[in-house]
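Heads up: the structure comes next, in structure tokens.
We did not get these values from a lab; they are worked out from the coordinates using the rules stated. The structure presented is a predicted model; accordingly, all values stated were derived computationally and were not measured. Methodologically, a virtual Cβ is constructed for each residue, glycine included, from the backbone with ideal geometry; neighbour enumeration extends over all protein chains shown.
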Amino acid sequence: DQQVKQNSPSLSVQEGRISILNCDYTNSMFDYFLWYKKYPAEGPTFLISISSIKDKNEDGRFTVFLNKSAKHLSLHIVPSQPGDSAVYFCAASNGGGKLTFGQGTILTVHP
Amino acid sequence: DAGITQSPRHKVTETGTPVTLRCHQTENHRYMYWYRQDPGHGLRLIHYSYGVKDTDKGEVSDGYSVSRSKTEDFLLTLESATSSQTSVYFCAISARDSHYEQYFGPGTRLTVT
């Protein structure tokens, strides 16, 4: 039972354009959502998060949107840069610090 | 960068042998976690710890045990390795002011032949 799903295994965008990565969840008890970025042969690094009491959180080029009624969140990267090419994981928590991760989306930003 | 190291970074072992992976942190964080990463599954929680000698099971704990005798060390043991345990293993620690935001070590690639 995959409670957090990233249905797009990969995404390809041009440098300077917007990248939109999507994530869906099924557990209505999740109250905190996070995005992680992972380069090959490295551990995931925390990118941005959002509490369920908000619908948007912004940090520089990165914005996360949360639509609780649709159980959907998205990560927007504007403008996209070649260094953003990585695997992006969304994760969700329902308290206690345990995270449930999606399968990941490979983002490729072409110069 | 959070001070998290994992050892070994790479290991090849045979089916049926015991294997212990070590996670060491210098941040004095209370919470520590072990995950495995497999294609098509993302990261899945194996075990976690809320403090010294305080551990609990995660989503995929079968075949694994953990120990935490010191704040800085969290050990993951495969008592009798199987080929299905071939994976990349990541340790994580909680952030200082929020135990939701976890920070990950560099990973251990384990191959069971």
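Please report, largest first and rounded to whole Å, the three semi-axes of the ellipsoid equivalent to the range B:4-112, where each semi-axis is the square root of five times an eigenvalue of the C-alpha gyration tensor. Each step should come with its number before you reach the end.
On the way: eigenvalues 96, 39, 32 Å².
With the √(5λ) rule applied to the range B:4-112, the semi-axes are 22, 14, 13 Å.
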| said: Charges at C-beta only: +1 for Lys and Arg, -1 for Asp and Glu. How large is the resulting dipole of the protein assembly as shown about its Cα centre, in Debye rounded to 20? | reply: 20 debye
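Please report the orientation-averaged projected area of the protein assembly as shown, defined via the convex hull of its C-alpha atoms, in nm². All intermediate terms of the calculation are to be shown ahead of the outcome.
On the way: hull surface 48.0 nm².
For the protein assembly as shown, the mean projected area of the Cα convex hull comes to 12.0 nm².
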| Hey, how many Å between the Cα centroid of the range B:34-113 and the Cα centroid of the range A:42-111? | 22 Å
| query | Distance in nm between label sites at B:Thr113 and A:Ser52, each 7 Å beyond Cα in the beta-carbon direction? | reply | 4.8 nm
| How far is it, in nm, from the label point at A:Ser10 to the one at B:His10 when both lie 7 Å from their Cα along the line to the Cβ? | 2.5 nm
| query | Are there cysteines in the protein assembly as shown with no other Cys C-beta under 4.7 Å, and if so, which? | reply | none
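For B:Asp62 and A:His110, what is the calculated FRET efficiency with R₀ set at 41 Å and r taken between the beta-carbons, to the nearest 0.05?
Details: r = 42 Å, r/R0 = 1.03.
Computed FRET efficiency for B:Asp62 and A:His110: 0.45.
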| message | Place a point 7 Å from Cα of A:Asp59 in the direction of its Cβ. Which residues in the range B:9-39 have their backbone N less than 11 Å from it? | response | none
| query | Once phi is turned into ³J(HN,Hα) by the Karplus curve 6.51 cos²θ - 1.76 cosθ + 1.60 with θ = phi - 60°, what whole-Hz value does each residue of the range A:46-51 show in order, with x for glycine and proline? | reply | 5, 10, 7, 9, 8, 7
| request: Please report, in Å, the Rg and the Dmax of chain A, where both are computed over Cα atoms only. | output: 13.3, 41
| query | For chain A, with only Lys/Arg (+1) and Asp/Glu (-1) charged at the beta-carbon, what is the dipole magnitude about the Cα centre, in debye rounded to 20? | reply | 120 debye
| message | Please list 3J(HN,Hα) in residue order for the range A:52-58, calculated via the Karplus relation 6.51 cos²θ - 1.76 cosθ + 1.60 where θ = phi - 60°; whole Hz, with x for glycine and proline. | response | 5, 7, 10, 10, 7, 9, 10
